[in-house]
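The values are calculated or read from the model by the stated rules, or taken from the named source; none is laboratory data. Since this is a predicted model, take the numbers as computed values, not measurements. Cβ: placed from backbone, ideal geometry, glycine included. Neighbour counts: every protein chain shown.
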Amino acid sequence: MKRGAWRRSAAVVAIAGLAVGIAPLTPPPVAAYPNCTAQVQNMVADYVVSPDGYVDFTWPAIPGAVDYSYSFTALIGDRWTDWSGWIPVGLARSTRLSFQQPQGLARQISFAATTACYGAGWSPKFVTVDYQVLPPKPPQPAVYQIDRALEVELPVFSMAYNPADVVAYNSTPWDRARILALPGEHTCVVERIEGVGVPIGSCTLNGLTPGQDYAISIRLENSLGNGPFSEPASARVLTYPTAPKIIGVKTTGKSALIRWRPASSQGGGTVTRYVAQAQPGGRSCEVRAGLQDEVLACSIKGLSPGRTYAFTVTPENELGRGTPGVSGAKRIRSAPSEPRNVNVSLTGTTAEISWDPPSSTGGFTSIRYRVSADGTSRICTTRKPTCTFADLPRGTSIRFTVRARNKLGQSTGAISRVVSIPKQEQSIT
């Protein structure tokens, strides 16, 4: 809207006010106030901006003036809005415009007081006020933990001018936001994005000490100065826990018992669990309780005998998983499987038993065999896959059972066919 239009608007409002609010005055001769018109044409309002967000305008009394009216426009955010008002003659020649925080912020105000002499027209002169107050106090920021640092997000809150008789508009009473971490006065700054009124954005506070609790506050700043700090948000700086030390891996059958000492550093927080894992395959176990114990342990089950595994133990705190402790390669050992393909060769009362080795030795390089002649007390032990029984009882039927053994135990028995020992020795004549 052009300022000429503002003057016309002010005149119409003032004239309308005369028509409905005040009885017409009897005009004196124009010659009675020879300087009235000249004074009106040069009349300029004065103003004072108060710290609490008001602007007080005053203008001089002019002899011969009929009444006073005023009009102003305010640039709220990126939009101009205009108002008009009227004051009858004889009343105070002043008005107060409120742009008090936290309702909003006018960046600029154009104001004019107008009057008319008897026989003269309306002649306002505008005064422009570059108006700005300190930014308001923001709410607490949102704080997120990252490794050895804190990510701080600005709180989004309304800063709109909204008196009862006008529409609300977004305003931009800040140029930057400063985040402060105490102790240590660590800071980071978020610059306002052009055209965005509400606070938005984030920055990272670096150089912080893991395990230290910090108070995080935010304030908004503009060309006039700095607004108040928000109430502080509390946050602890974390890093990832260090690797625990694996002190033993004991394999039994299809499982492995892992023992370790806790992480020397919990990363400024609390280690909430340890996860032990076997690779390949990814089978795992975990410990959630007893984190202050000197030695922790859990058993990983479902492993394959004879297979070689590497074991890790990984600590976790509030930030996430830390560095894993790693063991050397370990082969899973167990009792051997049973021997295969048992064969018996009988010559008189002598039986020679042979067999194939088991498919699994349980992870051991050498095993022993134990062969029993069922129904007798005869036993043969050997490291070779063959064994001989002599002088077996005549007239008996015998079968043989072969078992493989290692340091962890023995296999199930592999059973031979039944052989019949002759009742008497056959002579050749």
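Being among the β-branched types (Val, Ile, Thr), under 28 Å from VAL48 (Cβ atoms) and either part of a strand (DSSP E or B) or modelled with pLDDT of 80 or more (or both) narrows it down to one of THR172, THR128, THR204, THR187, so name that one. Reasoning before the result, please.
On the way: THR172 fails: either part of a strand (DSSP E or B) or modelled with pLDDT of 80 or more (or both); THR204 fails: under 28 Å from VAL48 (Cβ atoms); THR187 fails: under 28 Å from VAL48 (Cβ atoms).
Among THR172, THR128, THR204, THR187, only THR128 is among the β-branched types (Val, Ile, Thr), under 28 Å from VAL48 (Cβ atoms) and either part of a strand (DSSP E or B) or modelled with pLDDT of 80 or more (or both).
Yes/no per residue for (1) closer than 30 Å to GLY211 by Cα; (2) charged (D, E, K, R):
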{"residue": "ARG273", "(1), (2)": "yes, yes"}
{"residue": "GLU294", "(1), (2)": "yes, yes"}
{"residue": "PRO305", "(1), (2)": "no, no"}
{"residue": "TYR309", "(1), (2)": "no, no"}
{"residue": "ARG333", "(1), (2)": "no, yes"}
{"residue": "SER359", "(1), (2)": "no, no"}
Sole residue being of a type in the set (D, E, K, R) and within 23 Å of THR209 (Cα to Cα), chosen from ARG321, ARG283: ARG321
Residue in the stretch 389-411 that is in a loop (DSSP other than H, G, I, E, B), among the polar types (S, T, N, Q), outside the structural domain of ALA256 (by TED's automatic domain parsing) and closer than 28 Å to GLY306 by Cβ present: yes
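Determine whether the stretch 308-317 contains at least one residue that is within 30 Å of LEU238 (Cβ to Cβ) and loosely packed, with under 15 Cβ neighbours inside 10 Å. If you could, list the steps in order and put the result at the bottom.
Going residue by residue through the stretch 308-317, those that are within 30 Å of LEU238 (Cβ to Cβ) are 310-317.
Next cut, loosely packed, with under 15 Cβ neighbours inside 10 Å only: 310.
Checking the stretch 308-317: at least one residue is within 30 Å of LEU238 (Cβ to Cβ) and loosely packed, with under 15 Cβ neighbours inside 10 Å.
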